[in-house]
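The structure appears right after this line, and notes come after that.
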Amino acid sequence: MKKIFFKKRIPEPQEMAITEIKEFEKMSLDNYKKWMIPLIDDLSNYLKIKSKTLKILDVGSGPGLLSKELSIRFPGAKITGVDISKYSIKLAKKNCKGIKNINFIVCDVKNLPFPDEYFDLVVCKDSFHQFSNPIKAIKEMYRVLKPEGIIYLQDLRRDVPLYLIKMVLPPDTLAKKLIYYSTRSSYLPKEIKKILNKAEIKKFILKGRRLTNKLKNKYHKIGIDINSLKHTFSSRLILIIKK
């Protein structure tokens, strides 16, 4: 049986402080290729809709770098990023300045200001553990999703390998603290399944990601550190919901 370092989930504050947001932006910029490109490569495998007609919602868009990469990969799409933090939206607008197919809005995931069945793709990267009401969040993301659309949710997992926990011990820098406390507040696979059951979501895929030789070769060619990418894959879960 897998040993779990964080046996009990301890939630984070709903909204990060400005100093933490700035640090997360720096981490996102430093890890842009590693964090954004493999994620969009994987979600593209589940998309059945032509990219020119896509309406995409980026939930918990943070500093806007995932939205930025989505705009590069799907240049004809209309992308909307939402975040509860006004400061995060300010950074997102700065990082995506001049990109015409992206719009950012301050709002709470529990009350998305969009009509039913509006988006083809809803993406949520590494934010789900921060939501104060995950059941309501899932229901809202599902509500705004079109038939045949997908929700692609990536988040940290609390049952990470112990060697990854040791890399942030002691949590004596802001970057280490962000990883440590975010991991501690994230969910186990069985807990996500309970949330989905309460949200009345029946059809989903919950998986990890494996770094195959094919992926190693692909990402090594574009300058992604493979050992570091292995850590990213090992510390995260992927949830795919199709409507």
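Here Lys3 and Lys216 are evaluated by their C-beta separation; at R0 = 45 Å the FRET efficiency comes out at 0.95. Checking every one of the trypsin sites (Lys or Arg not before Pro) in segment 87-127 against DSSP loop status and a limit of 15 other Cβ atoms within 10 Å picks out Lys97, Lys100. For the pair Lys97 and Phe114 in one chain, pulling the backbone fully straight at 0.36 nm per residue adds 3.8 nm over the alpha carbon distance.
Counting pairs of alpha carbon atoms under 8 Å apart in space and at least six apart in sequence, what relative contact order in percent does the chain give?
On the way: 424 pairs, mean separation 51.8, N = 243.
After rounding, I find 21 percent.
Once you list every other residue whose beta carbon is under 15 Å from the beta carbon of Lys243, what net charge do they have if Lys and Arg are +1 and Asp and Glu are -1? Net charge in that neighbourhood comes out at +2.
Beta bridges assigned by DSSP with both partners in the chain are antiparallel in approximately 35 percent of cases. Maximal additional length on extending the Lys48-Lys177 stretch stands at 42.6 nm, based on 0.36 nm per residue less the C-alpha distance. Amide hydrogen proximity for Leu145: with H placed 1.01 Å from N in the peptide plane, the residues at 5 or more positions away or on another chain lying under 5 Å are Glu117, Tyr118, Phe119.
Using DSSP to call loops (not H, G, I, E or B), can you name the trypsin sites (Lys or Arg not before Pro) in segment 13-58 whose Cβ has at most 15 other Cβ atoms within 10 angstrom?
Numbers: sites: Lys22, Lys26, Lys33, Lys34, Lys48, Lys50, Lys52, Lys55; in loops: Lys48, Lys50.
In loop regions of segment 13-58 (DSSP not H, G, I, E or B), the sparsely surrounded trypsin sites (Lys or Arg not before Pro) are Lys48, Lys50.
Indicate the gyration tensor shape class of the chain (rounded, prolate or oblate), computed on the Cα atoms with a ≥ b ≥ c the square roots of the eigenvalues: a/c under 1.5 is rounded; otherwise a/b larger than b/c is prolate and the rest oblate. Taking the square roots of the gyration eigenvalues as a ≥ b ≥ c, the chain is rounded. Label-to-label distance for Asn227 and Asn31 is 1.6 nm, based on points extended 7 Å past Cα in the beta-carbon direction.
Read-outs throughout are calculated quantities, based only on the coordinates presented, and are distinct from any laboratory measurement. Being a predicted model, the structure only gives us computed values, none of them experimental. Positions of Cβ are backbone-derived with ideal geometry, glycine not excepted, and every protein chain shown enters the neighbour counts.
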